[in-house]
Amino acid sequence: MKQLGMDKRIEKKKWSKTKVLYLVGICVFVILSFFGFKAINKKVYKVDATKISIKNVTQGDFQDVILIDGDVEPINLVLVNTIEGGNVEEIFSEDGILVTKGTPLVKLSNPSATLNYMNQETAIIEQINNLRSLKLSLEKDQRDLSESLIDSENSLADVERNYKVDSVLYSKDIIARNDFTDVTESYKYQQKKRDFMNKNVTKSRQNNKIQLQQINTSISLMQRNLEFIHESLEKMLVRAPVTGMLSSFNPVIGESYTRNQTVAKIDIQSGFKIKGQVDEYYLSMVKPGQLARFSFDGKLIDLKVKKVLPEVVNRRFEIELVFVSEAPKSVTIGQSLQVRLELSKAQKSLLIPRGSYFQSSGGQYVFVVNEDGEAHKRYIKLGSQNPSYYQVLEGLEEGEKIIVSSYDAYKNYESIKIN
């Protein structure tokens, strides 16, 4: 029997036919896609000349300008506030009229505050009456002491006359020694009594003077407090503090106002200002004195920044602008205007007009039109911008023409044929 040999190892193929075909297919697809993409890019897009807008690249003065919305307001505006809170009881004026200083505007009713003021008034009047009674009492005591001093001086004068007469009689031995001694003692007593009364009157007068000054000062202070209370009660009737045009005045009977709440505004009519809102991005660029302009009745009106309010609210801050010369007569309070605020001085630059092409290209490229009626994509570099122009830093020359309408239909093409 023939001996069987050892089994022979069969080597497995590294690349199967299917796998090779699969890889070849992928490579063919990639190559075709690449050439297809190149073919598309090389393809010229045809566009109707009436569907596009063409503008020139120009050389001119460029200013960094922003547009802001502004409202016309009076320069001097006085707020009319309540002194005490209360409910509207009567209305005496209406919005939009000229009022003079002291004109009644609205009367408020506040029973609680009124009762409180009346109680204070009663207490103060009672204190004033007590102080006046004390003042009268001190003055009466002073008069009584003065009368006692006068009586003492009269008694001293009578005794002194007797003493002088008896002194002469005693020297001539006409009266007895005991009688003269009695007269002498009486005279000395009246002298001491007069001196004591005189000191009391002087001291009492000095003390009363100080007390009376203090009483008069206290009465004056209390009277001022009374005047304040009366004024507070009177200020439940809100009056115009100045003469001017009344605005923002819209009270309703029964409406409640709190203490120090604004009831109205009064324009003193000394001129106008424009208050505008600016994006916080420009906060460091806006300074007092910068110029601005707006178009009104076909004319350019010059403004300048008077005040910058740096507080940012909702990503915006406020500025106040005033007229460089007299404001137009037809400008009115509350009017809205679009103002061109100049952030820099004019400088010579290469300029292209603003247009919808920017949204399509992001400002990275434009289609430049040649004399053969074709436009080719060209990459550029832009600088600053204003409401009318972009500043060109690189990529274009003066006199060239570019398409400024939207590129959305052909932004993936390199060239355009204009029919």
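Structure notes:
- The range 347-408-the range 145-193 distance, computed between alpha-carbon centres (Å): 129 Å
- FRET efficiency, His376 to Val324 (Cβ-Cβ, R0 35 Å, nearest 0.05): 0.15
- Placing +1 on each Lys and Arg Cβ and -1 on each Asp and Glu Cβ, with no other charges, gives the range 271-390 a dipole about its Cα centre of roughly 340 debye.
- Its Kirkwood hydrodynamic radius, worked out from the mean inverse distance over all distinct Cα pairs, puts the chain at 33.9 Å.
- Label-point separation, Val252 to Asn129 (7 Å along Cα→Cβ), nm: 4.6 nm
- The relative contact order of the chain comes to 30 percent, based on Cα pairs under 8 Å that sit 6 or more residues apart.
- For the range 68-73, putting each phi into the Karplus relation 6.51 cos²θ - 1.76 cosθ + 1.60 with θ = phi - 60° gives couplings of 10, 8, x, 10, 6, 9 Hz, in residue order, rounded to whole numbers and with x for Gly and Pro.
- The HN-Hα couplings worked out from phi for the range 270-275 by the Karplus form 6.51 cos²θ - 1.76 cosθ + 1.60 (θ = phi - 60°) are 9, x, 10, 9, 10, 9 Hz, whole numbers, x standing for Gly and Pro.
- Springs between Cα atoms under 10 Å define the GNM used for the chain, and in it the highest mean-square fluctuation of Lys306, Lys199, Lys401 occurs at Lys199.
- Charge dipole of the range 110-173 about the Cα centre (unit charges at C-beta), most positive-ward option of Ile150, Leu115, Tyr170: Leu115
- Translational diffusion coefficient of the range 235-356 (Stokes-Einstein, Kirkwood radius from Cα pairs, 37 °C, 0.692 mPa s): 184 µm²/s.
- In this calculation the C-beta distance from Leu226 to Asn87 is compared with R0 = 25 Å, giving a FRET efficiency of 0.45.
- Calculated on the Cα set of the range 183-222, radius of gyration then Dmax: 17.2, 57 Å.
- Cα gyration tensor shape for the range 257-296, rounded if a/c is under 1.5, else prolate or oblate: oblate
- Computed over the chain with a Gaussian network model linking Cα atoms closer than 10 Å, the most mobile of Lys192, Lys101, Lys55 is Lys192.
- Within straight-line cross-link reach of Lys107, aspartates and glutamates at Cα separation under 12 Å, skipping those fewer than 8 residues along the same chain: Glu84, Glu89, Glu90, Glu234, Glu255
- Cross-link reach list, aspartates and glutamates versus Lys199, counting only Cα pairs under 20 Å and skipping chain neighbours closer than eight places: Glu139, Asp141, Asp144, Glu147, Asp151, Glu153
- Per residue solvent-accessible surface (Å²) - the chain, probe of 1.4 Å: 66 Å²
- Taking label positions 7 Å along the Cα-Cβ direction at both Ser109 and Ser270, the computed distance is 3.9 nm, reported to one decimal.
- In range of the label at Gln364: residues from the range 404-419 whose backbone nitrogen is under 15 Å from the point 7 Å along Cα→Cβ: 407-408, 411-414
- Annotation note: GluC sites (Glu not before Pro) in the range 281-382 located in DSSP loop regions with a Cβ neighbour count of at most 15 within 10 Å are Glu326, Glu371.
- Amide H contacts of Val242: Gly102, each under 5 Å away and 5 or more positions distant or on a separate chain (H built 1.01 Å from N in the peptide plane; Pro and chain starts excluded).
- Inter-part distance where the range 230-276 and the range 312-336 are each reduced to a Cα centre, Å: 22 Å
- Extension gain for Leu283 to Asp158 (0.36 nm times residue separation, less C-alpha to C-alpha distance): 35.1 nm.
- Estimated FRET transfer efficiency (Ile97, Val312; beta-carbon r; R0 51 Å; 0.05): 0.85
- Mean separation of Cα contacts under 8 Å, 6 or more apart, over the residue count of the range 243-319: relative contact order %: 26 percent
- For the chain, modelled as a GNM whose springs connect Cα atoms under 10 angstrom apart, the maximal fluctuation among Asn56, Asn216, Asn200 occurs at Asn200.
- Whole-percent carbon and sulfur share, accessible surface of the chain, 1.4 Å: 52 percent
- The relative contact order of the range 271-419 comes to 19 percent, based on Cα pairs under 8 Å that sit 6 or more residues apart.
The values are calculated or read from the model by the stated rules, or taken from the named source; none is laboratory data. This is a predicted model, so every value here is computed, not measured. When we count neighbours, we look across all protein chains shown, and the Cβ atoms used for this are built from the backbone with ideal geometry, even at glycine. Note: accessible area is taken over every heavy atom of the protein model, side chains too, but ligands, DNA and RNA are not part of it. Shrake-Rupley method; radii C 1.70, N 1.55, O 1.52, S 1.80 Å.
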